[in-house]
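The values are calculated or read from the model by the stated rules, or taken from the named source; none is laboratory data. Values in this document were obtained by computation on a predicted structure and should not be read as measured data. Neighbour counts run over all protein chains shown; Cβ positions are idealised from the backbone, glycine included. All accessible areas refer to the heavy atoms of the entire protein, side chains included, with ligands and DNA or RNA removed. Shrake-Rupley method; radii C 1.70, N 1.55, O 1.52, S 1.80 Å.
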Amino acid sequence: MSAPLLELRRLTKSFGGARALRGVDFDLRAGEVHALLGENGAGKSTLIRIITGAHRPDGGTVAVDGRPAGPLDPRGAHQLGIACIYQQPALFPDLSIAENLALRLETGGSLRRVDWPARHRRATALLERVGARLDPHREVRDLSMPEQQLVEIACALGAGARIVVMDEPTAALTQAEQTRLHGVVRELRAQGTGVIYITHRLEEIFVLADRVTVLRDGESVGTRPAADLTEPELIRLMVGREVAQPYPPAERPPGGAVLRLRRLGRRDSGVHDVSLDLHAGEILGLAGLVGAGRTELARILFGLTPADAGTIELLGRTVRPRSPREAVEMGLAYVPEDRRRHGVILDLPLAHNASLASHRRLFPGGWLRPAAERRFTEDFIRDLGIRGGGPFAPAGSLSGGNQQKVALARWLATGPRVLILDEPTQGVDIGAKAEIHRLVRRLAGEGLAVLLISSDLPEVIGMSDRIGVMRGGTLTAVLPRDATPDTVMAAALGRATEAAR
Amino acid sequence: MLTPSAMPRPALRHETVLLAVVLLEWLCFHALGPRFGTLENSFDLLRHSAEIGLLALAMTPVILTGGIDLSVGSLLGLCAVLYGKLWRDAGLDPGAAAGCTLALGALAGGLNAALIAGLRLPPLIVTLGTYSLFRGLAEAITRGADTFTNFPASFLFLGQERWLGLPSQAWLFAAVAAAVWLLVHRTTFGRACRAHGFAPEGARHAGLPAGRQLAAVYMLSGLIAALAAVIYTARLGQARADAGTGYELLAITAVVLGGTSIFGGRGTVHGTLLGVAALAILNNGLVHARQPREVAGLLTGALLLLALAAGTAPRLGTAWRARRAPHPSPS
């Protein structure tokens, strides 16, 4: 058999202390659809970014047509015939289809005369190849999402791409659009193109893929022909591992309900009909795929995007926080997902970050009290084990884990009743992760009600007293503490048949 | 993204360098112009820098929040005209007229505040609008020709005489400087302004009241611009619609020269005061050194650009290192 179109051997890549890829092997043959699967954070995106040249691997080799390609850069990848179609098409909305194609495909100086008829003929021909009957004069902003994806694919074809990466192309598509896209993918395969196909919809794999590679924790769990696999086997491959690190056990049973949500929702966040009770001293995990509405729910609770339906009852009182400020006053605290943009203010010193949400409490009358602030900061630095800088080091100079502890310190200082944690250990090294886990468990032990949003399945299962699963903007299941990764994942995927809607 | 927090701490603080520049200017002009170093000229310097100094003080918290107020020069003109109108035509005594003018200034600042904090419009565009609006109002009130003069001596005392050994307005200026310094450096309000300037979304996530803060900052700016208008009128003994033309840019220049980041978050009030001093001494000194006025503009521009370049040099170094180092996060 001839050399594979693309062959990756023992790829490694780390970001800071976090190892995203730990020696991954992967190969793609001409004329096949190779599905790439894995949980959020398993390393799929990193692998794709190495193939498209956006990231350089730390180790390992990349070979195209059996020839070593060296570390790729975006331009080199393009020249080797590698193209990537993202979930969100990256076209210029104000230009026409033909102009968008020309920008990527036409070479030559920027001052040459434009041959408009040729430009349009070529665009029409490329669009025909992907089965799209679109007028190349149309502006891209008027196209639907699937139409834009077809333009992207036409663009890849025009560039002579032989290796096409598709990153969750059907995530935003209806069933009919999905079927049409599958037709285009099969057409590409028939023409000898190799397609790397990433999806969370398991049923797609069985109708489309020839082979499947599953990534888990930055390692390849194996490559199998799709025909040999069943859906339960796939789910097991994706999550099937024992919980690696011991999680701190619950110290005492949860108390009374602190937070009651009834049919809570917000139309433009896509969240609807969320009903749940959160008890004092309880850690309620929220599992689900990216885009299932977990962060959106947290933003509703914290008043960032206020609810427009349903009720929130906090300590027996019906509340509707309309801004984070109101939410803070009610006793809510939110450690957001995007630590660097929202969680801490990188340029402010650690001490100023930590006191930011409790100005009124720490500085009565509005006058800063540097000595008191310093003592307060030194206390929490000791208490939370923050390393890497004194009270006046900018938060941006700390490691991710220590930044997260500063974000936590800020909210603990407000004396909250409900703490919402959104991916609290994402991008945090193992040591700090375990410390954060112990801290969260201790806080719950002191009576705090914790809502823990996490895409890290072992974390959700290990930390939570109960596990809520969100899908499509609502809570679809609440599982007991002894749920297995398979049942959580199955609930998050909504079992293949239902997800296909 | 480049995080300024990764900036290596410069060997010398910006304020220290600027202080040296101010002293150097003083020594140079002292050597060049025989009358420069006299007490009389020092008082002149104080009188001439009070108004722009006040505007620069008001501009500092505004820029710290990541905003800008281009309307202060025009508002100075409008308030000067309003003051004249209130005193001459409405028959108020000079003190009452001043009080009313300050209130109207705060109100005008409130218009900026409502548009910026209430409707979330960009400060640059809002104050560019009120920049024309306020000047236009001033011209409409005077029909472009009316000039208010013959103010009573009791009022001119504020701008032309001395009180306790110093020019009267110097005391007002010092009081405002102290108040703004305390506000920026010693209150939670100043802290919140900084947080907002560094990261508006981050500040929102911390539950800070962004709207209220921004509103206060722009109203304060209006109030101080009105005070500058009263002092300006008292110094020149006349109020015209073109008073304070171009002052907004001089005030911004002083603030930026003083080390405040135009992107918000970083900066000090004492830096602004040094920036004001550096510009004032340069302008006054060149007159005494018998240099044409154009040289002042030229040197002001050069000084500002040098200060900015000096401020970014360490950051460029960081950017260069960041490009060579692996990316810090997979995002």
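Observations on the structure shown:
- Test: residue in region A:384-401 that is among the charged types (D, E, K, R), farther than 19 Å from A:Pro324 by Cα and more than 12 Å from chain B (Cβ to nearest Cβ): yes
- Any hit, region A:54-66, residues being within 11 Å of chain B (Cβ to nearest Cβ), farther than 25 Å from A:Pro169 by Cβ and part of a strand (DSSP E or B): no
- Unmet criterion (only one of (1) within 14 Å of another protein chain (Cβ to nearest Cβ); (2) modelled with pLDDT of 85 or more; (3) open to solvent by less than 10 Å² (accessible area, probe 1.4 Å); (4) outside any strand (DSSP E or B)) for A:Arg49: (3)
- Selection count, region A:328-342, where residues are more than 9 Å from chain B (Cβ to nearest Cβ) and open to solvent by 60 Å² or more (accessible area, probe 1.4 Å): 1
- Filter result (assigned to a helix (DSSP H, G or I) and facing chain A (nearest Cβ under 8 Å)) within region B:191-226: B:Arg191, B:Ala192, B:Arg194, B:Ala195, B:Phe198, B:Glu201, B:Gly202, B:Ala203, B:Arg204, B:His205
- Output for region A:179-201, where each listed residue is surrounded by 16 or more Cβ atoms within 10 Å (Cβ to Cβ), of a type outside the set (Lys, Arg) and either under 22 Å from A:Met489 (Cα atoms) or in contact (Cβ under 8 Å) with a residue 40 or more places away in the chain (or both): A:Val184, A:Val185, A:Thr193, A:Gly194, A:Val195, A:Ile196, A:Tyr197, A:Ile198, A:Thr199, A:His200
- Any chance A:Pro480 is open to solvent by 20 Å² or more (accessible area, probe 1.4 Å), outside the structural domain of A:Arg19 (by TED's automatic domain parsing), at pLDDT below 90 and not small (Gly, Ala, Ser): no
- A:Glu204 falls short on exactly one of the conditions (1) open to solvent by 10 Å² or more (accessible area, probe 1.4 Å); (2) acidic (Asp, Glu); (3) under 26 Å from the mean Cα position of the chain (by Cα), and that condition is (1).
- Screening A:Leu348 on (1) more than 8 Å from chain B (Cβ to nearest Cβ); (2) surrounded by 22 or more Cβ atoms within 10 Å (Cβ to Cβ) shows it passes everything except condition (1).
- Test: residue in region A:417-436 that is at pLDDT 95 or above, assigned to a helix (DSSP H, G or I), open to solvent by 10 Å² or more (accessible area, probe 1.4 Å) and not hydroxyl-bearing (Ser, Thr, Tyr): no
- Residue within region B:51-73 that is surrounded by fewer than 18 Cβ atoms within 10 Å (Cβ to Cβ) and not in a helix (DSSP H, G or I) present: no
- Taken over region B:161-202, the criterion of being among the aliphatic types (A, V, I, L, M) and under 12 Å from B:Leu64 (Cβ atoms) is satisfied by B:Val180, B:Leu183, B:Val184, B:Ala192, B:Ala195.
- Hey, A:Leu237 crowded, with 19+ Cβ neighbours inside 10 Å, in a helix (DSSP H, G or I) and not assigned by TED's automatic domain parsing to the domain that holds A:Arg471 or not: yes
- The condition (being at pLDDT 95 or above, away from every other protein chain (no Cβ under 14 Å), under 28 Å from B:Asp146 (Cα atoms) and assigned to a helix (DSSP H, G or I)) is satisfied by just one residue among B:Ala254, B:Ala174, B:Ala170, B:Ala229: B:Ala229.
- Matching option when the condition is in contact (Cβ under 8 Å) with a residue 24 or more places away in the chain and either at positive phi or touching a helix residue (DSSP H, G or I) at 6+ places or on another chain (Cβ under 8 Å) (or both), among B:Thr188, B:Thr149, B:Thr127: B:Thr127
- Out of A:Ala395, A:Ala372, sole residue that is among the small types (Gly, Ala, Ser), more than 34 Å from the chain's Cα centre (by Cα) and within 11 Å of A:Ala351 (Cα to Cα): A:Ala372
- Condition met for A:Arg325 (out of contact with any helix residue (DSSP H, G or I) (no Cβ under 8 Å at 6 or more places or on another chain), buried (at least 17 other Cβ atoms within 10 Å of the Cβ), under 27 Å from B:Arg212 (Cα atoms) and without any contact (Cβ under 8 Å) to a residue 60 or more places away in the chain): yes
- Conditions (1) surrounded by fewer than 19 Cβ atoms within 10 Å (Cβ to Cβ); (2) modelled with pLDDT under 90; number of the one not met by A:Ala63: (2)
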